[in-house]
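Working notes for the structure below.
The values are calculated or read from the model by the stated rules, or taken from the named source; none is laboratory data. Predicted model only: the values in this text are computed from it and were never measured. All Cβ positions, glycine included, derive from the backbone under ideal geometry; neighbour counts span all protein chains shown.
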Amino acid sequence: MISRAKGIVFATALLLASPLVSVSNAQQAPGPTKVVQLTGLAGVKNNTKGKLEVESGNLHFVHSKSNLDVAATSIQDVVTGNDSQRMIRGTLGTLTMFAPYESGRFLSLFRSPLDTLTIQYRDADGGLHGAIFTMPVGKAEVIKSELIAQGAHTSIPAQTDAHPSGTKEQKP
Amino acid sequence: MKRILASAAPASLLILALVAAPLARAAQGKPAKMKASAIQVLMIESDEIKLPAEFQISLYENLIEQLQKKGGFQHVYREGDRNSADVPDLIILHSTVRGFKKGSEMARQVTTVAGATSVSVHCEFTDKNGKPLLERDIKGKVWFLGGNLRATYDFAKKAAGVAHENFSAAGT
């Protein structure tokens with residue numbers, strides 16, 4: 001009798017917990033990713049910060065001045081990679097070069113890893129474009145998978161992407 | 001006084017001749033520019049060299065950007081652009097990577113002398129029918145300031161300079 005009651009309590013707890021689980025899954029759903037567009041998007045300056053998202057069959061880049069969509073089906077190649085950058089960058093980073101006792105060099109040792117996402121796509125006239133984005137580690141693979149799911153092509157199969165971040169694909 | 005003037009005149013003529021001769025030789029040695037109102041840039045090829053995708057795209061995009069800025073062409077077309085089909089004096093730029101050494105930004109910043117990134121590209125300018133017009137090997141390097149991709153910018157600037165020296169929309 002007691003064991004039956006325990007079973008009922010357990011089942012009830014599971015039922016009550018299930019909406020919470022689905023909510024937490026929804027929170028993990030990929031949203032816009034903060035990226036830096038290094039080069040390539042038409043009408044967007046190099047090194048522009050923005051947010052990147054895959055929605056409705058498009059790669060959607062949003063930044064302060066405008067939005068830009070690239071149809072996933074027009075993307076001929078998606079490749080991910082990895083890189084690193086100085087933790088102290090920009091004007092402050094440049095100023096550290098003049099810091100005393102070569103401390104600027106010492107600060108250069110502190111670097112943060114990042115992912116790169118490289119795409120090749122065609123415009124309406126058939127012209128070939130390329131674009132490069134950098135983003136936090138682990139995000140490039142997610143965006144690549146979403147793009148492929150929505151019709152983008154890749155020269156490197158998705159299975160080979162399952163490497164840890166240190167040994168990511170490099171296009172030959 | 002007359003004697004001084006009489007002896008000074010041939011001397012000044014001699015000096016003038018000595019100065020003018022190299023300039024005249026340089027002017028004669030300068031090749032005539034070939035007429036080309038537009039250029040089409042093909043995607044960078046790297047069959048023999050393993051080149052990361054971001055370098056390939058960065059080379060291509062920087063090349064197009066620099067040719068638009070400094071190449072002296074009325075139009076710069078991308079690979080596959082259908083609008084280039086009717087251009088009569090179109091030239092096509094084929095670029096093949098012949099050498100690549102990926103350095104390290106951190107090594108450059110810490111040591112100054114190590115970690116240079118360099119890329120060597122064979123550029124071939126042809127006409128629409130594939131007849132070679134000009135071939136050059138152009139190198140791009142980054143020694144100290146900037147990320148590894150800055151080598152592609154260096155290459156693109158040099159390539160645009162070569163195009164500007166040898167081609168013009170009017171022809172000469």
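Per-structure values
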read-out	value
Residue identified as assigned by TED's automatic domain parsing to the domain that holds B:GLY72 and either under 21 Å from the mean Cα position of the chain (by Cα) or over 25 Å from A:PHE106 (Cα atoms) (or both) among B:GLY115, B:GLY130	B:GLY130
Residues of the range B:110-141 classified as in contact (Cβ under 8 Å) with a residue 12 or more places away in the chain and within 14 Å of another protein chain (Cβ to nearest Cβ), total	3
Single unsatisfied condition, A:ASP123 versus (1) within 9 Å of chain B (Cβ to nearest Cβ); (2) of a type outside the set (S, T, N, Q); (3) over 21 Å from A:VAL137 (Cα atoms); (4) without any contact (Cβ under 8 Å) to a residue 60 or more places away in the chain	(4)
The listed residue being in contact with a Pro (Cβ under 9 Å, 6 or more places away or on another chain) and of a type in the set (Val, Ile, Thr), out of B:THR126, B:THR96, B:THR112	B:THR126
Odd one out for A:VAL70 among (1) closer than 30 Å to B:ALA85 by Cβ; (2) surrounded by fewer than 12 Cβ atoms within 10 Å (Cβ to Cβ); (3) aliphatic (A, V, I, L, M)	(2)
Qualifying strands (runs of 3 or more DSSP E) (wholly inside the range B:56-163; at least 2 residues being crowded, with 17+ Cβ neighbours inside 10 Å, at pLDDT below 90 and among the hydroxyl-bearing types (Ser, Thr, Tyr))	B:117-127
Scan of the range A:33-45 for residues that are in a loop (DSSP other than H, G, I, E, B) and surrounded by fewer than 16 Cβ atoms within 10 Å (Cβ to Cβ), ordered by number	A:ALA42, A:GLY43, A:LYS45
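Residue-wise test of (1) without any contact (Cβ under 8 Å) to a residue 40 or more places away in the chain; (2) polar (S, T, N, Q); (3) facing chain A (nearest Cβ under 9 Å).
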site: B:ILE44; (1), (2), (3): no, no, no
site: B:SER58; (1), (2), (3): no, yes, yes
site: B:GLU61; (1), (2), (3): yes, no, yes
site: B:GLN74; (1), (2), (3): no, yes, no
